[in-house]
Every structure is written in structure tokens, then in C-alpha cells.
Amino acid sequence: MVFVGMDHGTTGISFTVLRDPPEHLKIGRDEVSSGEVSAMEELSRIVDLDSIQLMAITYAMGDGISKITPLEQVKNRGILSIEGAGKVTGGGTAVYEEIEKSGIPTVLIPGLHQDTPSMDPCFRAAYSHHASAEKVSICYNAHLETGFKNFIVSDISSNTVSILLEDGKIRGAVDACLGSMGIVHGPLDLKMIRDIDDGLRTANQCFSRAGAVKVAGIDEKVAHAKDVLLEKYQEGDPQAELALETMLITIAMEIWGLAGIARNEMEGVVLTGSVGSMQDPFDFFGALKDEVENIGEVVMLPPTSGSVGSAQIAKAVFEGTVDILGIGVHSEQD
């Protein structure tokens, strides 16, 4: 039996075939949206599509559904709107449509939002949206890899999202536009709110330039921003160094904030994403570990944790589980 997971990320679409060891495939969003590449053709190079028992995928914010749902029962790709959530390339939509047409049995994983039952009522009351769907996959992979039930996951890359889990259920999360910086995205501060009111930039334009790139003075496409920032850092650019240090301290504040409101003692902190797992040329993982290790054991997961977790969710759903970290699985009675 073969299970496949997909992570609809900021810079690309990633697939994992759940084997020993797992096989990974990543396709640039621009490549798919331009029609240069067919995701299903690329996937067929590493797995016989007819052998897939179940695929689990994520798409955008995932705020239109609150359960893991068969694709044929999902309306509007499981989202309320695609607007105001960063750069839209159409790559994820193209892949979603390919999967729909493929006939592969597939379920869609929801994001974390005000209608997610497992979330603490205070988080649901405070924020309409908390995290996109691949964060659920990352948390599930982190839970299986570590055995932790009470822990914090921080996924750090183009944006940063941190999630609180207690008793094996997702209780809270801080989305990229609310809390800490990523490489590209970050929270809107007072100056940006004034720029929006003055008509200088839209809220989405501000959000898409509120991360480390703001500090470093970088104006690059999302796919290249991290590489440019690290190049500047290696060249000794003081603004690039400040950008990484600033990003790091905002993430430490976010993680400690979640730990501070947890009802249970935390077992650990899991860091992942292309920056969360980075050790060279800037040891982001090591530096952040030093900041948060008093919370619990600090564990690193590779950037593939999103697609791996999706594949692990597919396997669990196929085997009959009715709950993933407090998120229900759609049944025939629903």
C-alpha cells in the first residue's frame, strides 16, 4: 500500500511518498502555474499513480473546512478566499485541479481557524485564522517523530507560524500576520497601518514585506529572498545580520508566549522549515535552541516535515482514525 502527502508551501509544492526511506519531490509554484511542469507527471516518475491507496493534500489557508474531507466533497477548494494571504501565483490551484482530475483517492486537510473545534475558545474568539493546512501536517509529523503530547511547533521559512499542542491536541497558534517575522512575511506594525490608511500600499503588500527582508532592505521574489539575505550575511552586511537576529528574537518571544499560557508543562519545542532547521551559514537552529531550551527538549525536523506529515495523515485516515490532533475526519454521517 502506498500513501502520498502534499504540502502547498509558499515557494513550492512538495510531495512525499511514504516509503522507507520516504521519497520527496518539490516543484516550484511558478513552474506549475506557467504550465511548464505537470505535477502528476512528475509524481508518476517516483510512484505508480494507480498504486496510491490515499493521498492527503493541503491547499492555501484551508479556512473553508474544519474536518479532513474527501476531495469530491469539498467546495471552493476548502477556502473562504484566496485574497490577502501573500503572493498568488496559481501554482497550487493548478496542482489541486490536476489531482481532482487524476482520480486518485484524496482527502483535503483543513487549516486552523475560528471554526476548528480543538482550538482554545480564547484563540477562536481572538483570531479568525491561525495557520494554514500544512501546519497540521507538520504537527502530526512532529507528534509521531517525538512522541510529545504537550509541545510547541514553530515552522520558520518565508513566514513563521507557531502552534501549541496540549494532551495531543492543537490548542492554539499564532499566524504570520499576527506574531513573529519570517524571511518575507511578518506582522503589520503602526507604520504599515499608516501606509495602508494613506493609500501607499495595500495590507497584503505590507504583509508580504514585513519579515526579515524589511530590516535588510531586500526587494526580491519570495523564492529568492532567503538566498539573497544569506548572501548578504556572508558578505558581512550588518543589516542582513540584524535582520536574522531580529527575526530570531521575535520567534523566541512567540514561542515563550505560547509556553507561558500553556496549562500543561511543555515536553519540548520542535523547530522546522527551511530556516528553523538551518545551521549554515547562520546557525538559526542553534541560536533559537539556546533561547528556548528552558521550555523543554528542542528538536529539529527537516523542511520536508509538511509533506511527510500529510502522507502520515493519509495512512492514518485510510486505517480508520477519526481524529488527528483534535481535528475530525469526515464521515458518511456528516
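Annotations
- Whole-Å distance, taken between Cα centres, linking the range 181-230 and the range 20-56: 31
- Close Lys-Lys pairs in the range 164-240, where close means Cα under 21 Å and separation is 8 or more or interchain: 4
- Degrees between helix 238-261 axis and first principal axis of the chain (Cα, 0 to 90, nearest 10): 60
- Sorted by Cβ density within 10 Å, fewest first, the residues ASP20, ASP63: ASP20, ASP63
- Separation of the range 100-135 and the range 314-329, taken as the distance between their Cα centroids, equals 14 angstrom.
- Which of VAL4, VAL308 has the fewest Cβ neighbours within 10 Å, and the rest in rising order: VAL308, VAL4
- Shown is the FRET efficiency for LEU144 and ASP195, computed with R0 = 41 Å from the Cβ-Cβ distance and rounded to the nearest 0.05: 0.40.
- Cα coordinate range in the range 131-254, projected on the principal axes (Å, largest first): 44, 37, 24
- Helix 222-234 axis versus longest C-alpha principal axis of the chain: approximately 40°, rounded to the nearest ten.
- Looking at the chain, the DSSP beta bridges with both ends there are about 60 percent antiparallel.
- Taking amide H as placed 1.01 Å from N in the peptide plane, the amide H of ARG209 sits under 5 Å from that of GLY186, each at least 5 places away or on another chain.
- Where (1) -0.68, -1.05, -1.16; (2) -0.62, -1.16, -1.29; (3) -0.55, -1.11, -1.28 are the candidate values, the label of the one calculated here for log10 I(q)/I(0) by the Debye sum over Cα atoms at q = 0.10, 0.14, 0.15 Å⁻¹ is (3).
- Principal-axis tilt of helix 91-102 within the chain, Cα atoms, nearest 10 degrees: 10
- Percentage relative contact order, the range 148-300, counting C-alpha pairs under 8 Å, at least six apart: 26
- DSSP bridge analysis restricted to the range 148-300 gives an antiparallel fraction near 55%, rounded to the nearest 5.
- Residues considered: GLY296, GLY179, GLY199. Largest GNM mean-square fluctuation over the chain, using C-alpha springs under 10 Å, is found at GLY199.
- Of MET300, MET192, MET55, the one that fluctuates the most in a GNM where the chain has Cα springs shorter than 10 Å: MET192
- For the range 256-334, size of Cβ-based charge dipole, Lys and Arg +1, Asp and Glu -1, in debye: 120
Just so you know, all these numbers are worked out from the coordinates, no wet-lab data involved. Fair warning: this is a prediction, and the values are worked out from it, not measured in the lab. All Cβ positions, glycine included, derive from the backbone under ideal geometry; neighbour counts span all protein chains shown.
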